[in-house]
Amino acid sequence: MRKVIGIVGEGPIDQMVLKAVINKETGENNIYRNIQPEQNMLGEFGNGWKGVYRWCETNAGLIPSLFSALSPALDLLIIQIDGDVGRKEKEVHCHCESTICPNANSTSPLLCKLVKAGNCPVLLPCKDHGSSPEGYRSHLENLLRSLIGSCAEEEKILIVIPCDSTDTWIVAAYEENIDDIEAVVDPWERIISVKKTYHGVRIPGHKKNTAIYRMFLPQIIQNWDQVTLHCQSARKIETDIRRWLMSE
């Protein structure tokens, strides 16, 4: 039976990949609600990881209503940001134990004047989590769970952190001989768009967009077992979806 699934993610490319993976795992062409970012990308919270952060920060109290008050109510909520956020963005380490900041508990990291002035005391890589893909993934998952509060343990909420990004899943679907593939920094720039084409897919101007990504989706799904073999973040979403299906 088809499910109603909401996605809070960085952007339409990530949503497109998640939908394809979920459909594969469920064996259904499910119904999706693109909750964040909104369709025109100009909504209240904007796009990218900051849009996801703001959405979680603002809507934690409203999440239970997504599963009951709306018609149709959600069967599952996916919240996604890429693992490279933990590698690059100081704000997500604002509340780490090693961070000593006078503003840590007085304002949202996204509104901090120290960050805007270039005076953020956070040091990267954060010594609390190291610089491994699993360190980024676990830290970001815990951060998002802290933002959404008590409903974070709800079985119908899955948090997805592709490492280094969903681009890694493309590389894993095509390449068999790259060791520690999730540790490759910015695979789009370093592997996929180095040349004008990547495995027959033309990449004009090295730019990423939904039209180009759509051409990579069949390979991701066809070689999903290979992706999960090389990417712990892919194995986790596969395991989480299967566990959710069993609980239904």
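Bear in mind that the values in this text are calculations on the coordinates, not laboratory data. Note that the structure is a prediction, hence the values are computed from the model and not measured. Here Cβ is always computed from backbone atoms with ideal geometry, including for glycine, and neighbour counts include all displayed protein chains.
Mean separation of Cα pairs under 8 Å and 6 or more residues apart, divided by the residue count, gives the chain a relative contact order of 20 percent. This ranking places S165, S98, S193, S106 by how few other beta-carbon atoms lie within 10 Å of each, fewest first, which gives S106, S98, S193, S165. Can you give the % of DSSP beta bridges in the chain that are antiparallel, to the nearest 5? So the antiparallel bridges in the chain amount to around 15 percent. In a Debye calculation with equal point scatterers on the alpha-carbon sites of the range 4-247 and no solvent, what is log10 I(q)/I(0) at q = 0.10, 0.12, 0.14, 0.17 Å⁻¹? The computed values of log10 I(q)/I(0) come out as -0.48, -0.71, -0.97, -1.39. The label point for T107 and the one for K24, both projected 7 Å from the Cα toward the Cβ, are 4.4 nm apart. So if I take the centroid of the Cα atoms in the range 44-78 and the same for the range 171-248, what is the distance between those two points in Å? The distance from the Cα centre of the range 44-78 to that of the range 171-248 comes to 26 Å.
Residues M1, M215 in ascending order of nearby Cβ atoms (within 10 Å, fewest first): M1, M215.
Just tell me which lysines come within less than 18 Å, Cα to Cα, of K3; anything on the same chain fewer than 8 places away is out. Result set, ordered by chain and number: K19, K24, K156.
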